[in-house]
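Single-structure report; data block below.
Where a number appears in this text, it was derived from the coordinates with a stated rule and is not lab data. Since the model is a prediction, treat every value here as computed from it, not as a measurement. Methodologically, a virtual Cβ is constructed for each residue, glycine included, from the backbone with ideal geometry; neighbour enumeration extends over all protein chains shown.
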Amino acid sequence: MDFTSQDIVLIDQALRIAIKAQQDESKADPYYEVLTKLQARAAMAMRPYAVDSMHVRNSFRFDYDDSPGHL
């Protein structure tokens, strides 16, 4: 499921409200955990295109995952 930036903001706000509503801080821990994950994923999504297994040389992308196992 893909979330839009508005979805992320809404989920972030809902988690913050849920955290504030908890009287017992230990009950807020799961909300903090999810909020931390959400913020990390959102930060990753905002980064420029990251190259994982692709290598860029002279404006060409070489995908080494498709190479045969033997030569």
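Side notes on the structure shown:
- Across segment 17-26, coupling constants 3J(HN,Hα) worked out from phi with the 6.51/-1.76/1.60 Karplus curve, θ = phi - 60°, read 5, 4, 5, 5, 6, 6, 7, 9, 4, 5 Hz, and Gly and Pro carry x.
- Net charge in the neighbourhood of Arg41 (other residues with Cβ under 14 Å of its Cβ; Lys, Arg +1, Asp, Glu -1) is -2.
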